[in-house]
Structure formats: structure tokens, C-alpha cells
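Peer 1: I am attaching a structure below and will ask some questions about it afterwards.
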Amino acid sequence: MCRVGERLIIENEDPMAYDDIYTGDGTVTIKNERAVKSKTGNWRACPFILGNECCERLAYYGMSTNLVNYLEDRLNQGNVRASTNVSNWSGTCYATPLLGAFLADAYFGRYWTIAGFSIIYIAGMSLLTLSASVNGLKPHCDADGCHPTSTQTAVTFVALYLIALGTGGIKPCVSSFGADQFDETDLKENKRKSSFFNWFYLSINFGALIASSALVYIQMNVGWGWGFGVPAVAMAIAVCFFFSGSPLYRVQKPSGSPLVRLFQVVIASFRKINVKVPSDKSLLYETTDAESQIVGSRKLEHTDKFRFLDKAAVETDTDLNKSEISPWKLCTVTQVEELKSIIRLFPVWATGIVFAAVYSQMSTMFVLQGNTMDQHIGSTFKIPSASLSLFDTLSVIFWTPVYERIIIPIARRRTHHERGFTQLQRMGIGLVISLFAMMAAATLEVVRLDYVKKHNLYDEETIPITIFWQVPQYFLIGCAEVFTFVGQLEFFYDQAPDAMRSLCSALCLTTIALGNYLSTALVTVVAKMTAKNGKPGWIADNLNEGHLDYFYALLAVLSLLNLIVYVFIAKWYTYKKVRNYPAV
């Protein structure tokens, strides 16, 4: 017998047969043993991950979908203040993933990061439930409204931001962890990975479906204690789902700080600012081993963009004369290409911010718009305005299998692309649809305000126009999500360097964070700029006196400009190339 790397191979045994037994992408089990293909990962592990995501999103949306009404009703906040607080908190939920992703890629791995941050998440959900149900912590309410103390308000926001921290360790890791279950060196498994992202997003929306229907109804008709308590239980169930699948999981090893590696390339490039890059790129420095020197990463092919960074991989006489090479002076081609991949992702990333700002309107302005409309079904039943997000969820649930089973085969025959559309084309289609969503919302508000004006209903809390006229704008955003958000999940995982996938998934999520912050900034600026000289402004506390249609039109214009920029960026983008593995 002889040792090859870390494997023990019997004389005369075919090494390729050995590779058929184990995964070829470096994944291991949670016991740090090499992952066996027939016993781990693939679709056999995915039900536990999808079940975890479904319950976690049920918990998140069950608490967040109607949060703007909770802040208005129980914490006595106005339209603008409640809306900006929800947007800021929601933005933070999508900013903290940068922390969780860094810890996952550098130190703990995705599995243990999800496990640890789940505890923080459950603590936040529990505290929020207590703040809405326990005397002394919940605000006192009477016929004149609710009267929260500063302490009660503080407890609510502590709970909310504990949840924001908890989701920061889960959200960037779960989708990547699910994709890790498919061996990229196995063509059959790699094809299944694209389907995983579709079904992953579908599981999110099954959770959201329950949240926007049953849980919103409980909050508005039974009580906020129960309305927040059920999501807390759902989060506990999510954790149980996740740990139940532990024996089946494939785990990527953490590879050390990705930020250090990126800085090494920058520093090495500037140290060799006067060094000429050879025309023959095969002369650039790379390890001779089949594996990359970065743990958990395959080698990357050289690309021609950002050539200045290639200086970091040029071997000088000084480098050749040293027995030990410093990574701060000489980097491999793969390490240089890591940084190039991140730089190429940033313009695409930036174009997702406006789309996320449009998406964030469902939990703020769409809800407030719905509050002013007739919410009755029949003579007695009244649907909460936040429950209209149910139609966004139904749209996603409808379009995901339609996209998977109908649109992709048709597109594949036209484009001859394996996935029907490239990832960039898919995201672009979603941006177009989101533009129509904002036009639909603006049109409805024009009709609503015209009705108010004709019948002099400025002081009426609701007007006799059914809330179900909001369905088209929700349905269009749901359709846009299937193209853009799912496309982003797949794109950022696929185009990320192997050892930076959690971080790039978090980068994808920060578009939602910045979209929420952009929405907050727009609402704040628009409210101040349009409410001068005694005017109620576009976003008034009484929307019948405002011009929410102008605000929606502003978002539509921004969406159009963003789409134009995106088209140029998509044409410029170069997909990454993995050495000895076909690019997708």
C-alpha cells in the first residue's frame, strides 16, 4: 500500500474509482471525515435545510410583516417614524450577515455559525414575545390609545436588534450551506444545484405564506403576545430541523480570513508597482499542486481585467532567491483572481439596491396604503392590510415551479443555454418586472386620491375602494423576486471564489439592507422637502392629504435608470473560470 495525500490506496487499485466514492470539492462531514457521496449531501440532506429555512422565515416574516402596525398602534409612532424604524431594522437584518459570513468563511464554517447564531435569534424572539405579553413590559393601552414608557420601547428595540444579529449568522450561510451539498466536480450534482436555489426560495415563501395570513390575523384579532409567540416557537422548530440533518451534511472547511488574502494582493501589487507583467500569463506564480493553496478552494484561471493586480503574481529575482515566500510580496494567480472576482461582483451588486428599495415597500408604504382602503371580505370579515403580502408569496409559489418546469425548457430551446437564461439575464428580467410593479402601485394611488377628491373623503379613515386592487403590485413584485432575488442567490454563490461563498452571499444580502436604508432616506428626504410651508407633503400622516403616487413614481424612475445602468454592467461582466473545470 502507498499514501497519496491523505488517502490510503491499495496497490493496483484504480485511484479514479476511489474518487467516485468521495466528493471531489473538499467537503467533509461534521466529524471532519471525508464526505462519502452515497451517504451525504445531495437531495437527501436538503429537506432538513429547506425545512429549517421555511420555519425560520415563518418566524421572521411572522414578526416583521406587520411590524409597522405594531409600532404605530402599541408604541404610538406616526407613519414616517414607524416606516423608517422598520426600514432601518430590516436593513440591519441584512447588514449583519457580513459579520456572520466572515466568521463562517474564516473560522467556524457555515454549520457551526448557523448553530451559534440561532441561539441569539431565539433569545431575541423570546424577549419580543415577553415585551408584547407581560405586564410591565407591554405598553398600557386604554380608550385614548397606548402609552409606552421609554423602558418598554427600549426593550422592544433590544429584542428586535437581537433578532437582527441572530439572522446575521443564519441568512448568509443557509443558502450556501445548501448548495454545498452538491459536489461541483460531479456534473450531475452540479446541475441539481441550480434547482436547489429555486426550491430554497420557494421554501422561504411557504413560511412567508403562513406568516402573512394566519400570523397577521392572530396579531390583529387575537393579540400581539400570541402573534409574536407563535413565530418564536417556529424558530425553535427551525433549529430542530437543522440539527436533525447533521449526519447527512457535507461541510466546507473554513479557509482563514478572506479579507487578509485580499489585502495581501493589494499590498503585493503596490510593492511591485514598477514590475512589468509578462505577456505570457503562464509565467505568473501559481502552486504546482493540483489543489489551490487556499483551503477549500479550487484554482482559478487568469482573466485579463484589472491587470494591475497581476503584478502581485509576478516572480522577481528577489522572490526566487528566498527560501520562504511571503504572501504579502508574492501571491498566486488564484489569490489574485479571488480579488478580481470580488471587484467584478460589486457593480452587479450595486444595481440590486434600487430593486431592494422597491421590495421594501411591501412592509411599509404598501401596508399604509392598504390601511386607507376597504379591507372587508363580505359584511363581517376584515383582512389586515399587511396580509396582502400573501399575494406576493402566492406569486412566488406560482412562478417558481412555472419558471423551473416551463420557462427554462422553452428558453433553453431558444438560447441553447443549459439554464435557459444566464444568471445576469435572469436578474435583468426581474428588474424590468419591478418597474411595472411600481407603475401599478402609482396608478392605484392616483385612482384612490381621485376618488377621495371627488367625494371629499379627506377626513375618512378608509375609503370604499377594495384593498384587493393592491393585488397586482404585490403579484408583480413576487414575479420579479423569482427572477432577481433567486438569480442573485445563484449568481453570488456561483461567481464567488470557493473559499468566500458565505461572504459573497452576505454581500448579496446587503443589497436588501442598503435598499431599506435607501427607502428610509427617500422617505425622510421626501417628507421634509414636500412638507414645507404648512403643506402635508407626499407622505402625510393622513395619506388622503398626501401624494404617495408621486413617491411611487419616483421609485419607478429610479428603477428605470437602474435598469439602464444594469444593462451596460451585464455586457461588461466576465464570468469566472475554474481551472480544470468547465465554466458556467
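The values are calculated or read from the model by the stated rules, or taken from the named source; none is laboratory data. Since this is a predicted model, take the numbers as computed values, not measurements. FYI the Cβ positions are ideal-geometry reconstructions off the backbone, even for glycines, and counts take in every protein chain you see. In case anyone asks, the SASA skips ligands and DNA or RNA and just uses the protein heavy atoms, side chains included. Shrake-Rupley method; radii C 1.70, N 1.55, O 1.52, S 1.80 Å.
Peer 1: Look through segment 184-222, keep the residues that are β-branched (Val, Ile, Thr) and assigned to a helix (DSSP H, G or I), and return whichever of them is most open to solvent (accessible area, probe 1.4 Å).
Peer 2: Ile210
Peer 1: When segment 226-250 is examined, which residues are found to be open to solvent by less than 20 Å² (accessible area, probe 1.4 Å), under 27 Å from Thr23 (Cα atoms) and not basic (Lys, Arg)?
Peer 2: Result: Phe242, Gly245, Ser246, Tyr249.
Peer 1: So for segment 505-527 (the condition being open to solvent by less than 40 Å² (accessible area, probe 1.4 Å), touching a strand residue (DSSP E or B) at 6+ places or on another chain (Cβ under 9 Å), assigned to a helix (DSSP H, G or I) and over 21 Å from Tyr94 (Cα atoms)), does at least one residue qualify?
Peer 2: no
Peer 1: Still on this structure, please answer the following. For segment 396-428, give me each residue that is in a loop (DSSP other than H, G, I, E, B) and either in contact with a Gly (Cβ under 6 Å, 6 or more places away or on another chain) or among the β-branched types (Val, Ile, Thr) (or both).
Peer 2: Thr422
Peer 1: Report every pair of residues separated by at least 6 positions or lying on different chains whose Cβ atoms are under 9 Å apart, first residue within segment 205-227 and closer than 22 Å to Ser126 by Cβ, second acidic (Asp, Glu).
Peer 2: Pairs that qualify, where the first residue is closer than 22 Å to Ser126 by Cβ and the partner is acidic (Asp, Glu), are Gly207/Glu53; Gly207/Glu56; Ala208/Asp392; Trp224/Asp73.
Each row is one residue, and each column tells you yes or no for (1) closer than 19 Å to Asp494 by Cα; (2) in a loop (DSSP other than H, G, I, E, B); (3) open to solvent by less than 20 Å² (accessible area, probe 1.4 Å); (4) modelled with pLDDT of 90 or more.
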{"residue": "Glu315", "(1), (2), (3), (4)": "no, yes, no, no"}
{"residue": "Asp319", "(1), (2), (3), (4)": "no, no, yes, no"}
{"residue": "Lys340", "(1), (2), (3), (4)": "yes, no, yes, yes"}
{"residue": "Arg344", "(1), (2), (3), (4)": "yes, no, yes, yes"}
{"residue": "Val348", "(1), (2), (3), (4)": "yes, no, yes, yes"}
{"residue": "Gln361", "(1), (2), (3), (4)": "no, no, yes, no"}
{"residue": "Leu368", "(1), (2), (3), (4)": "no, no, yes, no"}
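Peer 1: Could you check, for segment 373-383, whether at least one of its residues is of a type in the set (A, V, I, L, M), in a helix (DSSP H, G or I), crowded, with 19+ Cβ neighbours inside 10 Å and at pLDDT 85 or above?
Peer 2: Checked segment 373-383: no residue is of a type in the set (A, V, I, L, M), in a helix (DSSP H, G or I), crowded, with 19+ Cβ neighbours inside 10 Å and at pLDDT 85 or above.
Peer 1: Just checking: which of the helices (runs of 4 or more DSSP H) contained wholly in segment 69-183 hold 1 or more residues that are without any contact (Cβ under 8 Å) to a residue 40 or more places away in the chain, open to solvent by 30 Å² or more (accessible area, probe 1.4 Å) and over 30 Å from Asn42 (Cα atoms)?
Peer 2: 79-93, 109-133, 150-179
Peer 1: Going through segment 399-420 one residue at a time, which ones are touching a residue at least 24 places away in the same chain (Cβ under 8 Å) and either within 18 Å of Phe206 (Cβ to Cβ) or surrounded by 14 or more Cβ atoms within 10 Å (Cβ to Cβ) (or both)?
Peer 2: Once the filter is applied, which keeps residues that are touching a residue at least 24 places away in the same chain (Cβ under 8 Å) and either within 18 Å of Phe206 (Cβ to Cβ) or surrounded by 14 or more Cβ atoms within 10 Å (Cβ to Cβ) (or both), segment 399-420 yields Trp399, Thr400, Pro401, Tyr403, Glu404, Arg419.
Peer 1: How many residues does segment 73-99 hold that are of a type in the set (Lys, Arg) and more than 13 Å from Met365 (Cα to Cα)?
Peer 2: Adding up the residues that qualify gives 1.
Peer 1: Quick check on Pro327: is it surrounded by fewer than 21 Cβ atoms within 10 Å (Cβ to Cβ), touching a helix residue (DSSP H, G or I) at 6+ places or on another chain (Cβ under 6 Å), more than 27 Å from Trp572 (Cβ to Cβ) and not acidic (Asp, Glu)?
Peer 2: Spelling it out, Pro327 is indeed surrounded by fewer than 21 Cβ atoms within 10 Å (Cβ to Cβ), touching a helix residue (DSSP H, G or I) at 6+ places or on another chain (Cβ under 6 Å), more than 27 Å from Trp572 (Cβ to Cβ) and not acidic (Asp, Glu).
Peer 1: Pick from Ile564, Ile569: which is under 30 Å from Asp304 (Cβ atoms), surrounded by fewer than 20 Cβ atoms within 10 Å (Cβ to Cβ) and without any contact (Cβ under 8 Å) to a residue 12 or more places away in the chain?
Peer 2: Only one candidate passes the filter, namely Ile564.
Peer 1: Now for a different question. Cβ-Cβ below 7 Å, separation at least six or inter-chain, first residue in segment 337-360 and farther than 20 Å from Val482 by Cβ and of a type in the set (A, V, I, L, M), second open to solvent by 10 Å² or more (accessible area, probe 1.4 Å) and assigned to a helix (DSSP H, G or I): which pairs?
Peer 2: Leu339/Leu262; Leu339/Leu309; Ile342/Leu262; Leu345/Leu507
Okay, residues lined up against (1) under 20 Å from the mean Cα position of the chain (by Cα); (2) in a helix (DSSP H, G or I):
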residue: Gly430; (1), (2): yes, yes
residue: Leu457; (1), (2): no, no
residue: Pro472; (1), (2): no, yes
residue: Phe483; (1), (2): yes, yes
